[in-house]
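Engineer: The structure's right below; bear with me while I get my questions together.
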Amino acid sequence: VLTGALAIALVFFTWWQQLRHRRRMEETNDELRRSEEEARRAFASLRESEEKFRLLFENTMDAIMFLDPQTQKYVDCNEAAVKASKGGTREWFLSQAVSKLSAEFQPDGTRSEEKLLRVIANVLEKGPQRLEWTARRFTGEEFMVDALVMPIRIANRTLLVVVCRDITEKKRAEIEAD
């Protein structure tokens, strides 16, 4: 009788342990399903955010470039930057040093190479800077831009985002009004 009771108790205990284990497994599976759904939502949100950025980047009328402060070359640009060059291709634009896309001298009389180094240092040290810059098109024609330069960190690398708007006509109107 004692052996039978012990056997029944052992069977009951084993069943109870399996039931507890099954419940823990179901809870873990539920948690995994919730985590997977959260990851799907986060990925979809990231994809949507990336799409919004890409649409803004590609469709704005302002020229947007990503400048590597080390090489002083643009590593990416939007179509508006290419159009502002009036004749160059995206590949040509990205192959040029900023100094080649600039007038020899800036409006304050400073050589473009010197001014560029100061602007880069100021942006890296103090943050976003706004300035007027005399740029050069593919054809060699010079034109004025209002430029906003700001640092960003991407994949452990600092780049400068340069947003430019052609203000040549505005400057001509100001000169004519004086």
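Just so it is clear, none of the values below were taken in a lab; they were calculated from the coordinates. From a predicted model like this one, the values you see are computed outputs, not experimental measurements.
Engineer: In percent, how large is the relative contact order of the chain, given Cα pairs closer than 8 Å and 6 or more residues apart?
Structural biologist: 17
Engineer: Note the angle between two axes, namely the Cα long axis of helix 2-59 and the longest principal axis of the Cα atoms of the chain, as a number of degrees from 0 to 90, rounded to the nearest 10.
Structural biologist: 10
Engineer: How tilted is helix 112-126 with respect to the longest principal axis of the chain? Cα atoms for both, answer in degrees (0 to 90, nearest 10).
Structural biologist: 40
Engineer: While we're here: Can you classify segment 41-90 as rounded, prolate or oblate using the Cα gyration tensor, where a ≥ b ≥ c are the square roots of its eigenvalues, rounded means a/c under 1.5, and otherwise it's prolate if a/b beats b/c and oblate if not?
Structural biologist: In terms of gyration-tensor shape, oblate.
Engineer: Name the most mobile residue of 58, 37, 141, meaning the one with the largest mean-square fluctuation, in a Gaussian network model of the chain with Cα contacts below 10 Å.
Structural biologist: Of the options given, 37 has the highest mean-square fluctuation.
Engineer: Check which residues have an amide H placed less than 5 Å from residue 76's amide H, if you skip close sequence neighbours.
Structural biologist: 66
Engineer: So what's the projected area for segment 59-178, the Cα convex hull averaged over all directions, in nm²?
Structural biologist: Mean shadow area of the hull around the Cα atoms is 7.8 nm².
Engineer: To the nearest 10 degrees, how steep is helix 168-177 against the longest Cα principal axis of the chain, on a 0 to 90 scale?
Structural biologist: Tilt relative to the chain: about 40 degrees.
Engineer: Quick one: which residues, 5+ away or cross-chain, put their amide H under 5 Å from the amide H of residue 103? H built at 1.01 Å from N.
Structural biologist: Answer set, sorted by chain and number: 134, 135, 136.
Engineer: What residues have an amide H closer than 5 Å to that of residue 161, excluding those fewer than 5 places away on the same chain, when H is modeled at 1.01 Å from N in the peptide plane?
Structural biologist: Placed amide hydrogens put 67, 150, 152 under 5 Å from residue 161.
Engineer: What list of ³J(HN,Hα) values in whole Hz, one per residue of segment 146-161 in order, does the Karplus curve 6.51 cos²θ - 1.76 cosθ + 1.60 (θ = phi - 60°) give from phi, with Gly and Pro shown as x?
Structural biologist: Whole-Hz 3J(HN,Hα) from phi for segment 146-161: 8, 10, 10, 10, 9, x, 9, 10, 10, 6, 6, 9, 8, 10, 10, 8.
Engineer: Picking from 102, 35, 112, which is most flexible by a Gaussian network model of the chain using Cα springs under 10 Å?
Structural biologist: 35
Engineer: Per residue of segment 69-82, what does 6.51 cos²θ - 1.76 cosθ + 1.60 with θ = phi - 60° give for ³J(HN,Hα)? Whole Hz please, x for Gly and Pro, Karplus curve as stated.
Structural biologist: Result, rounded to whole Hz: x, 6, 8, 6, 10, 6, 9, 7, 7, 9, 5, 4, 5, 5.
Engineer: Say the cut-off is 21 Å between C-alpha atoms; which of 52/86; 73/115; 86/170; 126/171 go over it? Could you put the intermediate results ahead of the total?
Structural biologist: Working: 52/86 27 Å; 73/115 15 Å; 86/170 19 Å; 126/171 28 Å.
Exceeds cut-off: 52/86; 126/171.
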